[in-house]
1. How high is the relative contact order of the chain, given as a whole-number percent (alpha carbon pairs under 8 Å, six or more residues apart)?
2. Cut-off under 18 Å on the C-alpha distance; same-chain residues fewer than 8 positions from Lys257 excluded. Which aspartates and glutamates are left, in chain and number order?
3. Give me the percent relative contact order of region 1-54, please, defined on Cα pairs under 8 angstrom at least 6 residues apart.
4. Out of residues 5 or more away from Met9 or on other chains, whose amide H comes under 5 Å of its own, with H placed 1.01 Å from N in the peptide plane?
5. Relative to the longest principal axis of the C-alpha atoms of the chain, give the angle of the C-alpha long axis of helix 203-221, reported between 0 and 90° and rounded to the nearest 10°.
6. Take the cross-link list Lys96/Lys188; Lys37/Lys171; Lys17/Lys127; Lys188/Lys234 and give me the ones stretching past 30 Å between alpha-carbons.
7. Given a Förster distance of 30 angstrom, what is the FRET efficiency for Leu203 paired with Lys170, based on the Cβ-Cβ distance and rounded to 0.05?
8. For the chain, what is the mean residue ellipticity at 222 nm derived from helices alone (per DSSP H run of n ≥ 4: -39500 (n - 2.57); sum divided by total residues; nearest 500 deg cm²/dmol)?
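Values quoted throughout were computed directly from the atomic coordinates according to the rules given, and no laboratory measurement underlies them. Quantities reported herein were computed from a predicted structural model and do not represent experimental measurements. Cβ atoms come from the backbone with ideal geometry, glycine included; neighbour counts cover every protein chain shown.
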Amino acid sequence: MVYQIIKPMNNNVILAKESDSQNEVILIGRGIGFNKKPGQDVNLQNHEVDRIFRTYDEKYKEHYFSLLKGIDSSVLGVCAEIVSEAEKEFGKISQKLFLVLTDHISFALERIRNGLDISNPFLYEIKMLYPNEYSMGLRAQKMIYNAVKIEIPEGEVGFIALHIHAARQKKDVKDAVKNTRIIKELIKLIESRLNKRIQMGTLIYDRLVSHLWYCLDRIEKGESIDNPLGDTVKAQFPEAYAIAREMVNYIETSLNKTVYENELVYMTIHIDRIRRS
């Protein structure tokens, strides 16, 4: 395939135009940008190109071109490489990842250059719930440093992991953030009602987070689980059941979904275990 180079982003990434369709694409391949000049025509074989980004549909086209004009080519290049590495690791993921990740990382780098702190209140939960995506985020951290000589903080690694997770699930990152925020709020509710701190990093905390994550996933999918102990649990653990009922009300309001009674029963069992710990 013959391409006309619009702009080399780094040694491995170029912005180019397809000779036949005239569509703009981002190409990734080892060394394909080395010593290349804008306007140059290059004939690249399939084995030379690891990844082709046709990164927009009509809905995102304006945003895409605005991104290309406004962001440093080294940042665009490393973000394209991060997405390519994520696909090697996880398989096919949402095409939107390049767009949203580049937008996010460029803004994060701008905040870092201006001395603004980046905090991530969900970092522990992200590391626990999405360990593979977080590991990819750590690789991205090194790639970004090699490209622009700025080390992003751990909290930002967590946000990158969230973006990758959302792309794997073909969802918007706001949905992953929303569920993680709901989990944090539910834990705060339990702590408040029991007047007890649930320590991060403990087995009880990790089990609770894991249970709540799977619970929210089932609720969003409309799935139900069996539990024959409903009446027994309600009678035996009235305090825990009352807290679980509050949690269900919060979830139903936040997700605009119905929570099945069996989910409430399992929550009650978890809460009573925390109460007695």
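1. Relative contact order here is 12 percent.
2. Within reach: Asp175, Glu185, Asp217, Glu220, Glu223, Glu246.
3. Once normalised by length, the contact order is 40 percent.
4. Distant-sequence amide H within range of Met9: Ile14, Leu15.
5. Its long axis makes an angle of about 70 degrees.
6. On the way: Lys96/Lys188 33 Å; Lys37/Lys171 37 Å; Lys17/Lys127 39 Å; Lys188/Lys234 22 Å.
From the list (Lys96/Lys188; Lys37/Lys171; Lys17/Lys127; Lys188/Lys234), the Cα-Cα distance tops 30 Å for Lys96/Lys188; Lys37/Lys171; Lys17/Lys127.
7. The formula returns an efficiency of 0.40 here.
8. Numbers: 11 runs with 168 residues, N = 277.
Per the formula, -20000 deg cm²/dmol.
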